[in-house]
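Reading through the structure tokens given below for one structure.
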Amino acid sequence: MKLKELGEFGLIDRIKSGIHIPDGITGIGDDCAVIPCHNGKDLLVSTDMLIEGTHFLMDDITPYRLGWKSAAANLSDIAAMGGRPAATFLSFALPDSLDSDWTDEFFKGYNDISRRYHCPLLGGDTCVSRDRLSISVTILGECPAGTALLRSGAQDGDKICVTGYLGDAGGGLKVILDGAHRNSDAQALIAMHYMPIPRVEEGLKLGITDGIHAMMDISDGIGSDLRHILKASHKGAEVNVASLPLSDELLRTCRRNGWDPVELAISGGEDYELLFTAAPDAKIEVPHTVIGSINNSGRLVWLGTERDFGGYHHF
Ligand code: ADP
Ligand code: MG
């Protein structure tokens, strides 16, 4: 079957079907693999790639921002489990047209965000690429044994919550791709696209909050990502489109350019906010917005719109 027909997640299911994952280990299908260490802690591991032309445009992104984003996307996957980041490993294939000023700036950005979360770079691999730049980061983290928040824990009656705003990063990408006017609102959206802030502190707090049942980070838009929670938990959901948190910068930029902010909030990628489900009486101390509820219907219904929304898919 052509990969385009199979889709990114069809291929991942196919890979998973050929692998025996031992009992007690969570692998393939969540934000991180969870491996018991038998010392009261679980090891969390995730890996992510960034490819020139697919995930970023070399002419637009600065090396500092690319370094930042490479680490941020991985830190977000540890946050998504309620875990604490520990270390990263970075491999890249570099076109030989680049110079050491470029790599210095890249590592300034990479190290600035890594320092913020006490998550040093401890190794990697470096080789030359004939044309495009590709970057692969692997991150390790930890959490108390058995506490990782998986995608599979959502329960009937849970409220569906998100941190921060949705759609800003997608709006920033649209400004770049459409060549829209870059006023201060548009610049703020572009910064959200290139320099996301992973919700590590929030994830850690949610990890020790009673009644949080499922969590993931939003990398492909809730239209796609909420479906992962529903599929893993065998549940359905209703989402109230009017309650989606939209920033003023996004609303003004959409008004100016005739774009639909709801479409960007649902289908735009790379917000790196946390999407989680919580018991109705859970005491959540992290700023968040309730956008809907979990049910047993097995279907995802968008209340307040006739449209069906997907997410961002890579192929
Ligand atoms: P995320 O957006 O959280 O980084 P992805 O959507 O990239 O997660 O991947 C979904 C799941 O599939 C993850 O658990 C990831 O580890 C797994 N996965 C993706 N590609 C592969 C692969 N080539 N081999 C094994 N597992 C994979
Ligand atoms: Mg993720």
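A few remarks follow.
- Considering (1) closer than 30 Å to Ser97 by Cα; (2) part of a loop (DSSP other than H, G, I, E, B); (3) modelled with pLDDT of 95 or more, the lone condition that Asp30 does not fulfil carries the number (1).
- Among the conditions (1) at negative phi; (2) away from ligand 2 (no atom under 16 Å from the Cβ); (3) open to solvent by 50 Å² or more (accessible area, probe 1.4 Å), Pro36 misses just one, which is (3).
- For Ala87: the one exception among (1) in the same structural domain as Cys127 (by TED's automatic domain parsing); (2) away from ligand 1 (no atom under 13 Å from the Cβ); (3) over 19 Å from the mean Cα position of the chain (by Cα); (4) closer than 22 Å to Pro144 by Cα: (3)
- All positions within segment 160-183 that are part of a helix (DSSP H, G or I) and free of Cβ contacts under 8 Å to residues at least 12 places away in the same chain: Leu177
So that you can scan it fast, the table gives a plain yes or no per residue for (1) touching a helix residue (DSSP H, G or I) at 6+ places or on another chain (Cβ under 6 Å); (2) in a helix (DSSP H, G or I); (3) away from ligand 2 (no atom under 16 Å from the Cβ):
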position	(1), (2), (3)
His213	yes, no, yes
Asp220	no, no, no
Asp225	no, yes, no
Ala232	yes, yes, no
Ala242	no, yes, yes
Pro245	no, no, yes
Glu249	yes, yes, yes
Arg252	yes, yes, yes
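- Among residues that are more than 16 Å from ligand 2 (Cβ to nearest atom), farther than 24 Å from Leu149 by Cα and outside any strand (DSSP E or B), Asp125 is not included.
- In this structure, Ile15 does satisfy being over 27 Å from Thr163 (Cβ atoms) and of a type in the set (A, V, I, L, M).
- Scan of segment 116-131 for residues that are modelled with pLDDT of 95 or more, charged (D, E, K, R) and either open to solvent by less than 30 Å² (accessible area, probe 1.4 Å) or over 17 Å from Val200 (Cβ atoms) (or both), ordered by number: Asp125
- Selection status of Thr209, open to solvent by 20 Å² or more (accessible area, probe 1.4 Å), among the hydroxyl-bearing types (Ser, Thr, Tyr) and either touching a residue at least 60 places away in the same chain (Cβ under 8 Å) or not in a helix (DSSP H, G or I) (or both): yes
- Flag for Ser91 being within 30 Å of Gly211 (Cβ to Cβ), at pLDDT 95 or above and not in a loop (DSSP other than H, G, I, E, B): no
- Scope segment 68-80; condition within 17 Å of His118 (Cβ to Cβ) and in contact with a strand residue (DSSP E or B) (Cβ under 9 Å, 6 or more places away or on another chain); matching residues: Ala71, Asn74, Leu75, Ser76, Asp77, Ile78, Ala79
- Looking only at residues in segment 22-43 that are within 10 Å of ligand 1 (Cβ to nearest atom) and within 18 Å of Ala86 (Cβ to Cβ), the one that is farthest from the chain's Cα centre (by Cα) is Thr26.
- Test result for Glu238, away from ligand 1 (no atom under 14 Å from the Cβ), out of contact with any strand residue (DSSP E or B) (no Cβ under 7 Å at 6 or more places or on another chain) and open to solvent by 20 Å² or more (accessible area, probe 1.4 Å): no
The values are calculated or read from the model by the stated rules, or taken from the named source; none is laboratory data. Everything quoted here is computed from the prediction, not taken from an experiment. Positions of Cβ are generated from backbone atoms using ideal geometry, with glycine treated the same way; all protein chains shown enter the neighbour counts. Heads up: the accessible areas ignore ligands, DNA and RNA and are worked out on the full protein's heavy atoms, side chains in. Shrake-Rupley method; radii C 1.70, N 1.55, O 1.52, S 1.80 Å.
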